[in-house]
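The values are calculated or read from the model by the stated rules, or taken from the named source; none is laboratory data. Quantities reported herein were computed from a predicted structural model and do not represent experimental measurements. Note that each Cβ is placed from the backbone with ideal geometry, even for glycine, and that neighbours are counted across all protein chains shown. The accessibility values were calculated without ligands, DNA or RNA, using every heavy atom of the protein model including side chains. Shrake-Rupley method; radii C 1.70, N 1.55, O 1.52, S 1.80 Å.
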Amino acid sequence: MQLVARTQSELDKAAAAIRDEFGVEAVGHAAIERQYHVKAVAAASGEVDILVNSAGAIPRGTLLEIDEERWRKAWD
């Protein structure tokens, strides 16, 4: 399980809680605001079964299809 948010310390707490309660692998990735962050998360995730996006207006498409400009527009 890959978790993505702005603050690594909060991600680490959430990942630990998930690991402890459910016995699954959980890893946190902070600051997904640049294309290289997106590529790192996509590489770590492999095939995605479920994506929960609660960040707002994220553009349509796969993580690797969305370029830097589209990410910037969505975040701005």
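How much length, in nm to one decimal, is gained on full extension between S9 and W75, taken as 0.36 nm per residue of separation minus their Cα-Cα distance? Net length gain for the segment: 21.6 nm. When mean projected area of the Cα convex hull in nm² is computed from the coordinates, the matching label among (i) 5.1; (ii) 6.8; (iii) 4.8 is (i).
Taking the 1.4 Å solvent-accessible surface of the chain as the whole, the part contributed by carbon and sulfur is 53%.
For the chain, a crude dipole built from +1 on the beta carbon of Lys and Arg and -1 on the beta carbon of Asp and Glu, taken about the Cα centre, is about 240 debye to the nearest 20. Farthest toward the dipole's positive end in the chain, which of V38, A17, Q2, given Cβ charges of +1 (Lys, Arg) and -1 (Asp, Glu) about the Cα centre? Checked the options; the winner is V38. Report the local net charge at K13: Lys and Arg +1, Asp and Glu -1, summed over other residues whose C-beta lies under 12 Å from its C-beta. Net charge around K13: -2.
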